[in-house]
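Working notes for the structure below.
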Amino acid sequence: MPIDVSATSATRDGAMQDPIIVFDRVDVTLGGQRIYDTLSFEVRRGEFLCILGPSGCGKSTSLRVMGGLLPISGGQVSVAGRPPSEAWQEIAFVFQSPRLVSWRNALDNILLAPELRFGKAGREERQGRRERAMDLLAMVGLAADAHKYPSALSGGERQRVAIARALAVDPQIIFMDEPFSALDPNTRQRMRAEIEQIWQRTGKTVVFVTHDIDEALQLADRIVLFSGKPTTVLETVAVDTPRPRRADHAVLAAHRDHLVGLFRAMASTPVDEPAAVS
Ligand SMILES: Nc1ncnc2c1ncn2[C@@H]1O[C@H](COP(=O)(O)OP(=O)(O)O)[C@@H](O)[C@H]1O
Ligand SMILES: [Mg+2]
């Protein structure tokens, strides 16, 4: 029977357009300071979305809002069709620091995630969770390191455990907050390639925060560029260069020049003055 390719790709495109997270004119005030100015953007189901912006513009804050950890003072946010406070089962976090429990080995650190979220496993479920955790350790290249404690793992290996732990609760969405910025440049580069492969294999929606233009260009389907405070979306850049991407690709170089220009313009804009008057 002939395969209807057009229907398949239409369905896939349709899925990619389907927003799984919506920020609609969101205001956030912290410590009396207005952080967001009616911030609006969407994350599409299954995409790798990078949030890029200067330090202090509210990138981490946006993940806290999406994770239901921070109330907003205006606008609306929906995550998987629900308010963030009701969507916690759909999400998992990977932070800059791996936040592993030092007295549990790699495997038991991963098993902690389903234990905390779904409760202790019954006898028959225990084996399934272990097998799944071992599969995830293999996916992040640590099949032989399951019984190592965090102190015996390198920085990159610890971060791999943190990624496996996030996947262990099978979330629809993974939030990553500058997860590789504490790693050495070689490890960072390797981890970027790995997270891209993991994303492709698992089909998760990834929201990845970074202040590194090249990191965003390597990883993102779309880049949402945040302005300085009070923060709005300065620009959304779709990056459709085939993967895996070479940093010297001409289209990426053009995007880079453009983004570097926008960063420079932000840096030279005095605070408390509008970025542009038209
Ligand atoms: N608990 C808090 N109280 C007051 N201000 C805060 C708090 N958390 C963050 N901020 C401020 O909110 C702004 C955005 O912070 P953050 O989201 O961490 O920025 P980014 O991740 O983009 O570097 C910063 O100016 C920061 O100082
Ligand atoms: Mg941050």
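The values are calculated or read from the model by the stated rules, or taken from the named source; none is laboratory data. Computed from a predicted model, the values in this text were never measured in an experiment. Methodologically, a virtual Cβ is constructed for each residue, glycine included, from the backbone with ideal geometry; neighbour enumeration extends over all protein chains shown.
Would a scan of region 96-112 turn up a residue that is over 17 Å from residue 224 (Cα atoms), among the basic types (Lys, Arg), within 20 Å of the chain's Cα centre (by Cα) and modelled with pLDDT of 95 or more? There is at least one residue in region 96-112 that is over 17 Å from residue 224 (Cα atoms), among the basic types (Lys, Arg), within 20 Å of the chain's Cα centre (by Cα) and modelled with pLDDT of 95 or more. Could we say that residue 138 is assigned to a helix (DSSP H, G or I) and buried (at least 17 other Cβ atoms within 10 Å of the Cβ) here? The answer is no for residue 138.
Pairing residues of region 26-52 that are assigned to a strand (DSSP E or B) and away from ligand 1 (no atom under 15 Å from the Cβ) with residues that are acidic (Asp, Glu) and modelled with pLDDT under 95, at Cβ distances under 8 Å and at least 6 apart in sequence or on separate chains, gives 44/18. If you go through region 74-95 and keep only what is buried (at least 17 other Cβ atoms within 10 Å of the Cβ) and assigned to a helix (DSSP H, G or I), you end up with 84, 90. Number of residues in region 170-184 that are buried (at least 18 other Cβ atoms within 10 Å of the Cβ) and within 20 Å of residue 106 (Cα to Cα) equals 6.
Selection of region 169-184 for residues being away from ligand 2 (no atom under 16 Å from the Cβ), touching a residue at least 60 places away in the same chain (Cβ under 8 Å) and outside any strand (DSSP E or B) yields 169, 171, 172. Scanning region 109-124 for residues that are surrounded by fewer than 17 Cβ atoms within 10 Å (Cβ to Cβ) and either within 16 Å of ligand 1 (Cβ to nearest atom) or on the phi < 0 side of the Ramachandran plot (or both) returns 112, 115, 116, 117, 118, 120, 121, 122, 123, 124.
Taking every residue in region 200-224 that is away from ligand 1 (no atom under 16 Å from the Cβ) and pairing it with any residue that is of a type in the set (S, T, N, Q), at least 6 positions away or on another chain, the pairs with Cβ-Cβ distances below 7 Å are 204/172; 205/172; 222/236. Can you name every residue in region 166-199 that is within 16 Å of ligand 1 (Cβ to nearest atom) and over 12 Å from the mean Cα position of the chain (by Cα)? Those that are within 16 Å of ligand 1 (Cβ to nearest atom) and over 12 Å from the mean Cα position of the chain (by Cα): 181, 182.
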